[in-house]
Amino acid sequence: MSVPLHFQTVAELSAQLASGKISSCELTRAVLARTRVIEPQVHAFNSFDEADSLAQAAASDARRTTGRSLGPLDGIPVGLKDVISVAGQPLTASSKMLANFVSPYDATVTEKLKAAGAVLHGRLNCDEFAMGSSTENSAFGPAHNPWDLTRTPGGSSGGSAAALASGSAIATLGSDTGGSIRQPAAFCGLVGLKPTYGLVSRYGLIAYASSLDQIGPFARTVEDAAIMLGIIAGHDPRDSTSFKTQVPDYRAEIKTRRGPWKLGVPKEYFGAGLDPEVGAAVEKAVGFYKSQGCEIREVSLPHTQYCLDTYYIIATAEASSNLARYDGIRYGHRSKEAKDVLDVYQKSRAEGFGDEVKRRIILGTYVLSSGYYDAFYLRAQKVRTLIRRDFLNAYREVDALITPTSPIPAFKLGEKSADPLAMYLCDVYTIGVNLAGLPALSLPCGFTAGGLPIGLQLIGQPFREADLLAVAQAYEEAHEWKLKYPAL
Amino acid sequence: MNYEAVIGLEVHVQIKTRSKVFTRVGAGFGFEPNTLTDPVVLALPGTLPVMNKAALDAIIKAGLMLGCEIAPVCKWDRKQYFYPDSPKNYQISQYDQPICLGGTVEIELAGPARNVMGEHKKIPLTRIHLEEDVGKLSHGATESQVDYNRAGTPLMEIVSEPAMHTADEAFAYLTSLRTTMIYGGISDCDMEKGQLRCDANISIRPVGATHLGTKVELKNLNSIAFVRDGIAHEIKRQIAVVERGGTLVQETRDYDGEAGTSQSLRSKEMAHDYRYFPDPDLMPVQVDDAWKQALRTSCPELPFDKQRRFLSEYQIPYTITSVLVPDHGLSDYFEAAAKLAGPGRAQAVGNWIANDLLRELGAAKLPLGAAKITPENLAALVKLIDAGSLLNAAAKEVFSAMFACGGEPAEVAARLGLTAVPTDTHELDSWCRDAIAANAKALAEFKSGKESAINAFKGPVMKAAKGKADPKLVDENLRRLLAAQ
Amino acid sequence: MAPPSDLNIDRVAELARLALTDEEKIRFAAQLGSVLVHIEQLAKVDVTGIEPTAHAFALSNVWAEDVAQPGLAVADALRNAPAQRNNMIVVPKVVD
């Protein structure tokens, strides 16, 4: 039985588009049709505009007939997390605060996707303002995991993962501040990559935690992720934190870099709290690399136990400041009950923000407030230095690190939403990577007995995504996980 | 009990750049509302700041001009507070690592008379840092309106030590600072356009005490005159409170320049906690010696240094420098003309500029740049007069003509027939003889000792000479003839 | 200085311009209370002589030349405005 169009990869589809076997209009119609069928069950999208997508597809086909195709992504439907700005489209951050906001400008990654000819398809659901690990914090209702609709697809980029996993997009972009690409990728059986901090421009990404946020791709395969990364990466003069670095041809590089590699297994990532099935799948993956001639070394990242606290101080502090602009004055929700300016602020924000956003704003405001800066924020930034040093020390001995992405597979909707702390604990394996600014990806490495995907995390060295992708590719090409699809 | 005031000034100076400090949309004043905005200015979701290199150059240059220490490394901090004119609800500023530290502003107080130079003092600065300006609020009856054109304009905050003691010192400080910033091409410092704004911190203490009294912040000082008046008023107010046994409250007061009164602004029910932290979106600035050196070479001579040099190099007195120096275009004009005119002629050049040129410019309502008389022209004019080719009265006429139409003074004088003709001594002699012969009465008076009688002959001689005889020669000739009578 | 875990939620909500109901104040204070207890672990780490990481990879002097670029047309600038008049954003009267 052949794989339907909506489950095929960017690489496969771009070859068929190039040979004329299919057209972008045909492909886009297929994806739209799939979306219409799936959406009522999965709710991966906050919105999508069929006419607009088809117009883009038609433009792509027109380019192709005149020999002006723009590359492997030309004509391919790509979904964007609803925190990435596209001119003329809603930019809601899955929040009531921005429910009616239409952005007048393109994010840099949007410009790059347009220049590559991608068919931008829809605004993808996420946790409100990217704060969460389950997409249950979306003001517009949670997304559902295509592998088990009673479960979360993960968060905060849950919609990006669910759309791709269910065939409602061929590739998607999400954002990752503490694991928000990697964890949903693990929960949904996909490849999800968080680039090195500074590799991909943040201009046009609704800021959550400025020193941790990165935009990254979700894809079915490592090769697709390489294609996407090659298009969105690169220095941007509009983002002062963006790095001037050579962007290699990742897709070509993964074919030539073959290993064997020295892989580190951080002992702190395999302790209490790790689901036995997840642990077993990851151990098996480690065994695979060993069988291929890789040297496996146990390493220690001694400050791992402080990652969560460090993250929640830094991220909430930065977020409390980044979200101050949402005040109902120039745009966004303004309370109808506002009698004076103070009301405009207090009531608009109370009405516009959900509970988790409010909690993080309160926590962030508290840790920055007078008398607490040294004890919390400054101290956390120092511990961050130690956390980063742990990784860089490990890299003196190994090329990359291998860990589970999440301690548990996709949990049931509602299971953790009563206790914020319980939800935060889901991020233990992903968070250190953001604090250290390193690249990391999750790729599928198995299923639980109950049929839930399990993710393997590979953590790489700064700006060495080509190596990271090559290590992932070596595992992927020897396994069949990428050929499994949800029964939806 | 005698009290002295202790005054510190916080001056905000808008830097004149083409684009804003953290984004590249154009900066400017007087544009239609909300036409100088972009996604960054409006703090739309997803936007990021990017520093303006020229704004950094300008503040470093200002710091060098004012003798500040330029920090080798400085960074950006977010100053957080909510206000409708502040789109991000935080202002990008510099908290604990400002770009300039220390520094001095030299001031000149008013002298005993208008043409006598007053005392000079040096007021120390605490720091200068760079930040972004906010939008403009205008108020109606039930609503306020916000225009974000000004939001994001680069702003220098110049903080003085609390080292001034009188309203006059504050006035002199602002005047000096303003002139210096204009000299440096850093700002036009037009207070009416909000390019220079001043808040004052004022306290009083018994004369001789060293502690600082309760500080009152005075705002809304919209002109340099209002700064002086407002401070003077506040000092009187504080002394009056203390003298009748009251206590001063630390507060912010709003000055009403028209009414000459002040009132307390809202009490601190919501005390500010700015929650400063380093801005994660911006990278630090490192200023090395090469950068400083490059900017140093572009720093102009400071106004008071120029004033002193004009005196020592050109012997220009205060009456003239006090007119030339505050306008650096005018002093550049002077110096160009003085150099061309040559040694010994600088004072004449200065006089022509301070009196005649300024008068003509004022009457015609023209700026210096529109003057048709160039420094070259003026230098040539002074040389002509000095050589005797142009007599004083004629020179004034030539000057006016040049102001109106331009041209070389020699040509203009010739065209108007005003060139002093080298005197034919025979002709002069016969005119003098004729004049003496025609006025026996005056001759008798002169011979009897009345010196002034000689003047009766000069008129007819000048008439015969059609005004072009050198009065000195006329006088000499007459005396010689009269002595022989 | 050991940080106290006394979260004055009224004061913090005021600073953050968030109007909270009494129920929310109690609930959030309790939820954040347990997070704060966790976070205070950081006090145990020895950070003597450690520099804070302001940015993962240090850069300096990142700037652009002072060339004015076109901005937004007024209509686009105010397209999402909740209230406007005469091309300006309108708010209830600001009283200082």
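The values are calculated or read from the model by the stated rules, or taken from the named source; none is laboratory data. Quantities reported herein were computed from a predicted structural model and do not represent experimental measurements. Virtual Cβ from ideal backbone geometry, glycine too; neighbours counted across all protein chains shown. Heavy atoms of the whole protein, side chains included, go into the accessibility calculation; ligands, DNA and RNA do not. Shrake-Rupley method; radii C 1.70, N 1.55, O 1.52, S 1.80 Å.
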Which percent, to the nearest 5, of DSSP beta bridges fully inside the range B:202-360 are antiparallel? 55
DSSP beta bridge pairing in the range B:139-259, given as percent antiparallel to the nearest 5: 55
So what's the Cα pair-distance distribution over the range B:301-416, bin width 10 Å, in %? 14, 49, 31, 6, 0
Which whole number in µm²/s is D for chain B by Stokes-Einstein, with the Kirkwood Rh taken over Cα pairs at 37 °C and 0.692 mPa s? 121
Return the carbon/sulfur percentage of the accessible area of the range B:150-263, one whole number, probe 1.4 Å, all protein chains in place. 48
Once you have a ≥ b ≥ c as the square roots of the Cα gyration tensor eigenvalues for the range A:195-322, tell me rounded if a/c is under 1.5, and otherwise prolate or oblate according to whether a/b is larger than b/c. oblate
Cβ neighbours within 10 Å from other chains - mean over C:21-34: 3
Accessible area in square angstrom per residue, the range A:366-488, 1.4 angstrom probe: 30
18 Å reach of a label modelled at A:ARG36, 7 Å along Cα-to-Cβ, counting backbone N of the range A:110-139: A:121-123
Based on the Kirkwood radius over alpha-carbon pairs, what value in µm²/s does the Stokes-Einstein equation return for the translational diffusion coefficient of the protein assembly as shown at 4 °C and 1.567 mPa s? 39
Carbon plus sulfur fraction of accessible area for chain C, probe 1.4 Å, in percent: 53
Accessible area per residue of the range A:87-155 at 1.4 Å probe, in Å²? 24
Taking the Cβ of A:ALA58 as the centre, find all other residues whose Cβ is under 12 Å away and add up their charges (Lys, Arg: +1; Asp, Glu: -1). 0
Using a 1.4 Å probe on the heavy atoms of the protein chains only, list every residue of the range B:147-162 that has 20 Å² or more less accessible area in the complete assembly than in its chain alone. B:TYR148
Inter-label distance for B:VAL241 and B:LEU368, nm, one decimal - labels placed 7 Å from Cα along Cα-to-Cβ: 4.4
For the range A:103-187, what ratio Rg/Rh do Cα atoms give with a Kirkwood hydrodynamic radius? 0.98
Report the label-to-label distance for C:ASP22 and B:ASP429 in nanometres (one decimal), using points 7 Å from each Cα along the Cα→Cβ vector. 12.1
The range B:301-416 - percent of accessible surface contributed by carbon and sulfur, probe 1.4 Å: 57
Between the Cα axis of helix B:328-341 and the main Cα principal axis of chain B, the angle (0 to 90°, nearest 10) is 30
With each pseudo-label sitting 7 Å past Cα toward Cβ, what's the A:ALA15-B:LYS468 distance in nm, one decimal? 10.3
Any idea of the accessible area per residue across chain B, 1.4 Å probe, to the nearest Å²? 44
In degrees rounded to 10, the 0-90 angle between helix B:303-314 Cα long axis and the longest Cα principal axis of chain B is 20
Kindly compute the accessible surface that chains B and A hide from a 1.4 Å probe when together, both sides summed, and give it to the nearest 100 Å². 2800
Accessible surface buried once A binds C (1.4 Å probe; total of both sides; Å²): 5200
The range B:378-448 to the range B:80-150: how many Å between their Cα centroids? 57
Along each principal axis, Cα extent of the range B:425-484, largest first, Å: 30, 17, 16
Tell me the mean residue ellipticity at 222 nm calculated for the protein assembly as shown from its helices only (DSSP H runs of n ≥ 4, each -39500 (n - 2.57), averaged over every residue, nearest 500). -11500 deg cm²/dmol
Report, for chain A, the % of DSSP beta bridges that are antiparallel, rounded to 5. 65
On complex formation of B with C, accessible surface lost, both sides summed, probe 1.4 Å, nearest 100 Å², amounts to 3600
Expressed to one decimal in nm², the mean projection of the alpha carbon convex hull of the range C:1-46 is 3.7
Helix B:375-386 sits off the longest principal axis of the Cα atoms of chain B, rounded to the nearest 10 on a 0 to 90 degree scale, by 30
List of the range B:272-286 residues, accessible area with partners at least 30 Å² below that of the chain alone (1.4 Å probe): B:ASP273, B:ARG275, B:PHE277, B:PRO278, B:PRO280, B:ASP281, B:MET283, B:PRO284, B:GLN286
When Rg is the radius of gyration of the Cα atoms in chain C and Rh is its Kirkwood radius, what does Rg/Rh come to? 1.15
In Å and on Cα atoms, what radius of gyration and Dmax does chain A show? 21.1, 70
Computed accessible area, B:THR142, all protein chains, 1.4 angstrom probe, square angstrom: 110
In chain B, which Cys residues have no partner Cys with a Cβ closer than 4.7 Å? B:CYS74, B:CYS189, B:CYS198, B:CYS299, B:CYS405, B:CYS432
